[in-house]
């Protein structure tokens, strides 16, 4: 593989939006890509004809039909539960259609497995990680297609090729490192590297930037441009409409399992895309920001250190406040709160709740104090995906349903109520959480942590993998929590999300607090300046 770019520090343009920079980069790299000496790909076109998919009595795809042109970046958008991932799993050989057919280069195909689809050059990067945690990065990349030297595995060759694949996505990691030791963003990039190593002719990317920083997104955009320049057809699924607008040539909208529209991306504004997705006019993405209800400090952390991740971090949280935490990957935000809640070791830290000193050594102890935490990794830490929806919801509040025997009927009624309140679609109380779409899993995870009626709510990437309509619902829910007098901490990689929601913003870099911004100071350029060290100092506040 040839390398036409190297890892770069994020360059901040204070006069242009991030995605405008990315689109300009995309255009430039289209020309550079043609100079690459990669092998020339045979491109693929795809046509879906009247595709239906049933799960038992429930039909989730209704006669979907549209075409994907060769060598294009084709975006697929829609709300959670619209059928995007189901349709792509059919194309990738993971599911079989109940009716209709898929044509590849004009020929009907019936892939019985993902291996058959990959043999035809169709590779799917899953929204939820499909990695074996206890294996090394290289073992994951070559899983099922290991290289051999005689009767033995050729570990050195697999490690070399994995290193090159990782470099393509901006990761400089030892290929022998276990996947379980990686943070979420690194796992996402390993998934992308794994797919690229299979030399796809048609690459399906399902929410590839959900956990990535702006700098990593920029690197991925360059890589996508490079692949398109080599003739790879790319099917790009994203809830981030600014990405869709910047990257794609054509966009298809699904809604409730039905094809709504396919059009040139240039012909639709982001607002028009959002309206097509939800079937109504969608405006006022963020609720009107209200001043928090009281100057009273309800929680204070002082001198918190998490070895390798955070050093002497201090902050205060007021009643009714929405406090944001910003920073690039590696800043230590998630690890700081995992240390506070006892999910990883900390070397120091003092905590006060309503001006009284408390001990925090485990999530259970935090829950007894009225503090809950939503992990950024909903599949690995937020939900029991192989457990039914009903016990997932009530797991943190079992004392409400055990008298002393478990009242499953009451649990079922509670689930029905919360499913309606949080608009959780796609499952019955006895369905497994794994059957829900990513966005509906996120809503279930939110319902789960709020079910015990906490006073302090810590949300780590609360809208990761969530569509534009559901994002709006979550934003209004967060404001509602604050208006009820609860206090909310939001950790997010989406700067506009933090600016739109938060009263104050703590910016971290390298495990230190570099600045605390008030409402009047919040802007993308200002946050990035503190996150990259252009402004600010290592301080606590």
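Tabulated values for the structure
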{"item": "Pairwise FRET efficiency - residue 483 versus residue 425, Cβ, R0 = 30 Å, nearest 0.05", "result": "0.70"}
{"item": "For segment 286-387: rounded, prolate or oblate by the Cα gyration tensor [a/c cutoff 1.5]", "result": "rounded"}
{"item": "Alpha-carbon centroids, segment 206-235 and segment 303-346: separation in whole Å", "result": "30 Å"}
{"item": "Rounded to 10°, Cα long-axis angle of helix 18-33 versus longest principal axis of the chain", "result": "30 degrees"}
{"item": "Acute angle (nearest 10 degrees) that the helix 408-421 long axis makes with the longest principal axis of the chain, alpha-carbon atoms", "result": "80 degrees"}
{"item": "Distance between modelled label sites at residue 289 and residue 153, nm, 7 Å Cα→Cβ extension", "result": "5.1 nm"}
{"item": "Extended-chain gain in nm, criterion 0.36 nm per residue less alpha-carbon gap, residue 105 and residue 476", "result": "129.0 nm"}
{"item": "Helix 438-450 axis, angle to the chain major axis (alpha carbon atoms, nearest 10°)", "result": "10 degrees"}
{"item": "Contour excess over end-to-end distance, with Cα ends at residue 402 and residue 172 and 0.36 nm allotted per residue", "result": "77.8 nm"}
{"item": "Length-normalised contact order for the chain - Cα pairs under 8 Å, 6+ apart - percent", "result": "16 percent"}
{"item": "Rg/Rg_ref, the chain, where Rg_ref = 2.2 N^0.38 Å and atoms are Cα", "result": "0.98"}
{"item": "Mean ellipticity per residue at 222 nm, deg cm²/dmol - from DSSP H runs of n ≥ 4 across the chain, formula -39500 (n - 2.57)", "result": "-9500 deg cm²/dmol"}
{"item": "Least to most buried among 284, 416 (fewest other Cβ within 10 Å first)", "result": "284, 416"}
{"item": "Spacing of the two label points (7 Å from each Cα toward its C-beta) at residue 96 and residue 145, in nm", "result": "2.4 nm"}
{"item": "Percentage relative contact order, segment 91-229, counting C-alpha pairs under 8 Å, at least six apart", "result": "28 percent"}
{"item": "Convex hull of segment 132-198 built on C-alpha atoms - directionally averaged projected area, nm²", "result": "4.1 nm²"}
{"item": "Modelled FRET efficiency - R0 45 Å, residue 409 with residue 258, Cβ distances, 0.05 increments", "result": "0.80"}
{"item": "Residue-span extension gain [residue 362 to residue 534] - 0.36 nm each, minus C-alpha spacing", "result": "58.3 nm"}
{"item": "Residue exposure sequence - 350, 390, 145 - by fewest surrounding Cβ within 10 Å", "result": "145, 350, 390"}
{"item": "Residue order, fewest to most surrounding Cβ atoms within 10 angstrom, among 230, 484", "result": "484, 230"}
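Throughout, read-outs are computed from the coordinates displayed, never taken from laboratory work. Note that this is a predicted model, so its numbers are computed, not measured. Because the Cβ atoms are built from the backbone with ideal geometry, glycine has one as well, and the counts that use them run over all protein chains shown.
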